[in-house]
Structures are given as structure tokens and as C-alpha cells.
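Notes follow the structure.
The values are calculated or read from the model by the stated rules, or taken from the named source; none is laboratory data. Note that the structure is a prediction, hence the values are computed from the model and not measured. Don't worry about glycine lacking a Cβ; one is built from the backbone with ideal geometry, like all the others, and counts go over all protein chains shown.
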Amino acid sequence: EVQLVESGGGLVQPGGSLRLSCAASGFTFSSNLMTWVRQAPGKGLEWVANIKQDGSEKYYVDSVKGRFTISRDNGKNSLFLQMNSLRAEDTAVYYCAREYIWGSYRFLSSWGQGTLVTVSS
Amino acid sequence: DIQMTQSPSSLSASVGDRVTITCRASQSISSYLNWYQQKPGKAPKLLIYAASSLQSGVPSRFSGSGSGTDFTLTISSLQPEDFATYYCQQSYSSPQTFGQGTKLEIK
């Protein structure tokens, strides 16, 4: 059974930093792209970033470029999101998700339960 | 970035109704379109990928169609457990944007 468990969320002041982690199990982590998606309170889903299997390519939504860094440790089956210079608008539940590739198609086949990040003074 | 626009934003329907939700992309995305269902307090769940392929374990009353810029998600006969929020997502190019969501409520 695929399991994704996020951790590291919490309350942080504007301008502060936080590092989210996602522990993966039940599939070959090193063979899958991984993605972070967030959801502000009462709002829709926002794709944040993804990372290639070997970490060689990373993509970000414009609103987090230069502030957030996605990374992974395939030896520990873990995905990370380093978040710096946090703003109130970064307040959200952050989900990690497995990006499954089927031919040329890709989709988020498995999701964690999410971890809440609150940016407030 | 590719913009995804869903309509309607909310919808009231009854058990047994046939429901259609529309998603439009700001440029052609071929069939690189996925649909997710989200219930309150829960993570999203994949329903449809590649515009029309049903994810394993998803009931056959769910179906997807479309290509290019216009897509639809259809629920043939609404069940009580289907009342949720539905999102489309394009996977044609990064960032892989989502629609704003369609909240399906009980009439």
C-alpha cells in the first residue's frame, strides 16, 4: 500500500523558514517524480513544485520561485520542501503527492494527508 | 502558465441525477487533463487521468471526455458519497495548474 506522510508544518512568523518532509513507502520512491501541492484555507488546490526521479530537474510555480526549494533523498525515501521568506499568503495545507507516469501522461496518483503551515505574527 | 477554468463553481443536484462539470484550458493541452475529487478535511483523490481513463477502483458512473481546450467530467447517477469538490488539472506543462474547483452539493 502506498503511503505518504508529511510532517514539519506549524506556526511561523512572516519572513521565517520551515522545512517540510514527506516519508514515502509502498512503492519504488526513486522511480517516481514527486510533487508538492498546497491548499489555502477554504480555497482551491495550487500546484507548488515537482522534482524528477534523480533530482536533476525541478519546477516551481512563480509565486514560490527563489523562496522554496524542493529536494529528495532516495536513500531515505523522503521528499522535502524548504520554505524561506515565508509570507501570510503561504498559509496552507501542504500535500506531497506521487506523480505517476503512464506513457506521456502524468497524474497525481497518491497523496499524503497534508501538513498545515500557518504564517502569522 | 496555462489557466484552467471550471464551470460551474458550484452545483446543487439530487441523488440519481446526471451531472456534468466543464473544464476549459487557456490553450490546447491535448488530452493531458486529470480530474480529482476532494471531500472536506481529506486529501484529493484521482478519478480520471488522460482526459478519459478511469483510475482503478473508481466507480464506472464517473467518466471524462474532451481534448484540446474543452473537457467534461460526468457522473451518470449521483450517489450520496459523490457530494464533494471536483478539480481538473492540466499536466501538459509546468506549472501543472488546477481549475478553481466545482463544489457539488445536495439539493
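Numerical summary
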| quantity | calculated |
| --- | --- |
| Residues that are more than 11 Å from the chain's Cα centre (by Cα) and at positive phi, drawn from region B:40-66 | B:Gly41, B:Ala50, B:Gly57, B:Gly66 |
| Single unsatisfied condition, B:Phe83 versus (1) more than 10 Å from chain A (Cβ to nearest Cβ); (2) within 30 Å of A:Thr115 (Cβ to Cβ); (3) of a type in the set (Phe, Trp, Tyr); (4) in contact (Cβ under 8 Å) with a residue 24 or more places away in the chain | (4) |
| Condition check for A:Ser104: more than 14 Å from chain B (Cβ to nearest Cβ) and either under 27 Å from B:Gly99 (Cβ atoms) or not β-branched (Val, Ile, Thr) (or both) | no |
| In region B:50-80, the residues that are of a type in the set (Val, Ile, Thr) and more than 14 Å from chain A (Cβ to nearest Cβ) | B:Thr69, B:Thr72, B:Thr74, B:Ile75 |
| Selection from region B:38-62 of residues that are crowded, with 19+ Cβ neighbours inside 10 Å and of a type in the set (S, T, N, Q) | B:Gln38 |
| Residue within region A:82-89 that is within 10 Å of chain B (Cβ to nearest Cβ), at pLDDT 95 or above and surrounded by fewer than 21 Cβ atoms within 10 Å (Cβ to Cβ) present | no |
| Sole residue being touching a Lys or Arg at 6+ places or on another chain (Cβ under 8 Å) and either more than 14 Å from chain B (Cβ to nearest Cβ) or under 17 Å from B:Pro44 (Cβ atoms) (or both), chosen from A:Gly8, A:Gly44, A:Gly26 | A:Gly8 |
| Filtered residue count, region A:9-43, keeping only those that are crowded, with 16+ Cβ neighbours inside 10 Å and of a type outside the set (D, E, K, R) | 17 |
| Residue within region A:14-21 that is at pLDDT 95 or above, in contact with a strand residue (DSSP E or B) (Cβ under 9 Å, 6 or more places away or on another chain) and assigned to a helix (DSSP H, G or I) present | no |
| Enumeration of residues in region A:50-68 that are surrounded by 17 or more Cβ atoms within 10 Å (Cβ to Cβ) and either of a type outside the set (A, V, I, L, M, F, W, C) or within 8 Å of another protein chain (Cβ to nearest Cβ) (or both) | A:Asn50, A:Gln53, A:Tyr59, A:Tyr60, A:Val61 |
| Some residue of region B:5-15 being under 27 Å from A:Tyr100 (Cβ atoms) and either among the hydroxyl-bearing types (Ser, Thr, Tyr) or surrounded by 13 or more Cβ atoms within 10 Å (Cβ to Cβ) (or both) | yes |
| Pick from region B:86-107, criterion within 14 Å of another protein chain (Cβ to nearest Cβ) and among the β-branched types (Val, Ile, Thr), ranking: farthest from A:Lys52 (Cα to Cα) | B:Thr102 |
| Filtered residue count, region A:29-41, keeping only those that are under 15 Å from A:Glu99 (Cα atoms) and either at the interface with chain B (Cβ under 10 Å from one of its Cβ atoms) or in contact with a Cys (Cβ under 8 Å, 6 or more places away or on another chain) (or both) | 4 |
